[in-house]
Amino acid sequence: MDPLAPMAYRLLACRGLEEASGYRPDESVLRGRVAALEHERITSHLGWLEQLGRQTGLAWLEHHATRLQRVCLQTDFSQISHLPSTLRAFKKRLMQTPLLRARLAGIGTVTADSNLRGPVARAAGLASDARSGDVTYQALSFRRMQRPDGDAFDRLRIRLDEILHSIELIQSAGVLKAPGPFAVGTASGEGQASIETPRGEARLHLVLDNGLVSHAHLDTPSNHHVSLLPGLLVQQELGDALTTVCSLDLSPWEFAT
């Protein structure tokens with residue numbers, strides 16, 4: 001499992017096992033899982049903003065992102081309503097920082113490609129989001145975010161948009177509950193599942209044989225995005241190259257799959 005997105009991969013495993021065993025959770029459980037996943041998306045995007053602040057030399061960005069991530073990690077469902085105004089003010093300050101735009105605009109530009117996932121894909125204008133086809137998300141009025149330019153600045157804007165929308169989804173869910181273990185007994189079957197992790201869609205295929213997983217294959221977003229680097233980094237200055245890598249939000253644990 002990826003320690004940068006443990007909730008997402010735990011939920012992906014649950015979905016795969018449920019598909020293989022024929023188990024269907026009730027609606028309140030599904031809503032609670034959505035809220036837990038979106039809570040992780042917020043903290044993950046804030047963690048990325050902390051790294052961006054460190055990479056670009058914007059100490060105030062690093063400091064505020066770290067503080068907000070800590071607050072979010074310590075916030076339960078009853079306190080979620082206190083976060084939107086703080087996060088909106090944070091987004092406004094970022095968008096009004098000319099130096100940040102100057103450091104990111106036109107850097108690490110990718111064109112629309114079917115191998116792109118998550119914020120990287122959506123910042124390049126692609127309608128790529130595993131949540132779009134999820135009936136629980138649809139019932140919570142999910143909106144897919146998109147931007148047109150495909151550069152590091154649009155990847156920043158996508159993640160800021162998603163932080164605020166994730167808060168709305170959590171509030172609409174009405175409950176926040178992490179996925180827990182369940183018994184599959186001696187079930188046998190084949191399951192395929194997908195989930196929109198903070199870095200993009202991850203897909204799992206598994207085979208269940210008498211209650212035991214006999215085969216599993218995991219496809220992760222970072223495995224797709226790392227292949228972009230040779231083309232993106234050619235003839236770039238060192239600072240721009242490092243910013244480009246940072247903007248993709250690669251997880252080393254996803255490469256190990």
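The values are calculated or read from the model by the stated rules, or taken from the named source; none is laboratory data. Since we're looking at a predicted model, the values are computed, not measured. Every residue, glycine among them, receives a Cβ derived from its backbone with ideal geometry; neighbour counts consider all protein chains shown.
Can you tell me which residue in region 139-151 is farthest from Val34 (Cα to Cα), limited to those that are in contact with a Lys or Arg (Cβ under 8 Å, 6 or more places away or on another chain) and buried (at least 18 other Cβ atoms within 10 Å of the Cβ)? For region 139-151, the residue satisfying everything is Arg147. Of all the criteria given as (1) touching a residue at least 60 places away in the same chain (Cβ under 8 Å); (2) more than 21 Å from Lys177 (Cβ to Cβ); (3) part of a helix (DSSP H, G or I); (4) of a type in the set (A, V, I, L, M), the one not satisfied by Ile80 is (2).
Note on region 152-257: enclosed strands (runs of 3 or more DSSP E) holding 3 or more residues that are of a type in the set (A, V, I, L, M, F, W, C), modelled with pLDDT of 95 or more and crowded, with 16+ Cβ neighbours inside 10 Å are 200-209.
The single condition from (1) under 20 Å from the mean Cα position of the chain (by Cα); (2) under 29 Å from Leu73 (Cα atoms) that Ser227 fails is (2). In region 13-36, of all residues being farther than 16 Å from Arg131 by Cβ and small (Gly, Ala, Ser), the one that is surrounded by the most Cβ atoms within 10 Å (Cβ to Cβ) corresponds to Gly16.
Contact map, region 182-205: residues that are within 28 Å of Arg159 (Cβ to Cβ) paired with residues that are of a type in the set (Ser, Thr, Tyr) and in a strand (DSSP E or B), Cβ distance under 8 Å, separation 6+ or inter-chain. Pairs shown: Glu201/Ser194; Ala202/Ser194; Arg203/Ser194; Leu204/Ser194.
Here is a check on your reading of the model: is Val110 assigned to a helix (DSSP H, G or I), more than 18 Å from Val29 (Cα to Cα) and not charged (D, E, K, R)? Taking the combined requirement at face value, the residue does not satisfy it.
Quick grid of which residues meet (1) buried (at least 16 other Cβ atoms within 10 Å of the Cβ); (2) in contact with a Gly (Cβ under 6 Å, 6 or more places away or on another chain); (3) not in a helix (DSSP H, G or I):
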{"site": "His64", "(1), (2), (3)": "yes, no, no"}
{"site": "Thr75", "(1), (2), (3)": "yes, no, yes"}
{"site": "Gly106", "(1), (2), (3)": "no, no, yes"}
{"site": "Tyr137", "(1), (2), (3)": "yes, no, no"}
